[in-house]
């Protein structure tokens with residue numbers, strides 16, 4: 001007799017849709033459901049920062065790489081602002097994807113505390129590109145950290161402070 005072995009999902013994270021036109025909401029659910037290999041229904045709320053837009057937060061569980069599948073399914077859609085997080089696990093990096101209509105998509109690895117991890121080669125590139133120019137080094141490091149995406153999404157995050165998820169904006 002063999003024992004039935006059920007394994008827990010390997011990864012988990014959150015999909016934050018910061019703003020989407022109302023007409024796009026069912027399409028977002030369909031795309032997220034395809035990425036998750038199951039039907040999903042989100043609870044949509046009014047996004048007060050942008051008239052006529054909706055927002056939602058959805059906790060997901062799945063295989064490693066599900067965060068990338070979610071981000072890929074939603075990237076490039078006009079008028080859509082979102083973030084996807086995938087928590088780091090034992091032996092695996094986490095990830096954070098941010099998307100805005102003007103900037104497109106940004107990805108960075110994250111550690112177990114949720115901090116962005118900038119690879120050594122990216123830091124070396126920033127130093128080489130900046131040379132002795134401290135202002136240019138600052139610009140390159142802000143780019144590596146996705147600061148432009150954070151800046152654009154910040155107002156949309158604050159508009160949802162009554163929600164259950166608490167986003168740490170600055171720590172330390």
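The values are calculated or read from the model by the stated rules, or taken from the named source; none is laboratory data. Please read these numbers as outputs of a predicted model, since none were measured by experiment. Counting neighbours? That spans all protein chains shown, and the Cβs are built from the backbone with ideal geometry, glycine included.
Scan the range 28-47 for residues that are in a helix (DSSP H, G or I), without any contact (Cβ under 8 Å) to a residue 40 or more places away in the chain and either in contact with a strand residue (DSSP E or B) (Cβ under 7 Å, 6 or more places away or on another chain) or surrounded by 14 or more Cβ atoms within 10 Å (Cβ to Cβ) (or both) and the total you get is 5.
Scanning the range 48-68 turns up at least one residue that is assigned to a loop (DSSP other than H, G, I, E, B) and touching a helix residue (DSSP H, G or I) at 6+ places or on another chain (Cβ under 6 Å). The residues of the range 78-96 that are more than 16 Å from residue 61 (Cα to Cα) and surrounded by 24 or more Cβ atoms within 10 Å (Cβ to Cβ), listed by number, are 81, 82. Out of the residues in the range 104-113 that are touching a residue at least 24 places away in the same chain (Cβ under 8 Å) and surrounded by 14 or more Cβ atoms within 10 Å (Cβ to Cβ), state the one that is farthest from residue 94 (Cα to Cα). Residue satisfying both the conditions and the ranking: 105.
Filter the range 127-162 down to the residues that are free of Cβ contacts under 8 Å to residues at least 40 places away in the same chain, within 19 Å of residue 48 (Cβ to Cβ) and part of a loop (DSSP other than H, G, I, E, B) and list them by number. Those that are free of Cβ contacts under 8 Å to residues at least 40 places away in the same chain, within 19 Å of residue 48 (Cβ to Cβ) and part of a loop (DSSP other than H, G, I, E, B): 161, 162. In the range 59-68, of all residues being surrounded by fewer than 19 Cβ atoms within 10 Å (Cβ to Cβ) and closer than 21 Å to residue 108 by Cβ, the one that is nearest to the chain's Cα centre (by Cα) corresponds to 68. Each residue in the range 89-126 was checked for being out of contact with any strand residue (DSSP E or B) (no Cβ under 9 Å at 6 or more places or on another chain) and either under 15 Å from residue 75 (Cβ atoms) or part of a helix (DSSP H, G or I) (or both), and 10 pass. The residues in the range 69-88 that are in contact with a helix residue (DSSP H, G or I) (Cβ under 8 Å, 6 or more places away or on another chain) and in a loop (DSSP other than H, G, I, E, B) can be counted, and the count is 3. Selection of the range 32-53 for residues being within 24 Å of residue 110 (Cβ to Cβ) and more than 14 Å from the chain's Cα centre (by Cα) yields 35, 36, 37, 40, 42. The single residue among 100, 56 that is under 18 Å from residue 116 (Cβ atoms), within 15 Å of the chain's Cα centre (by Cα) and modelled with pLDDT of 95 or more turns out to be 100.
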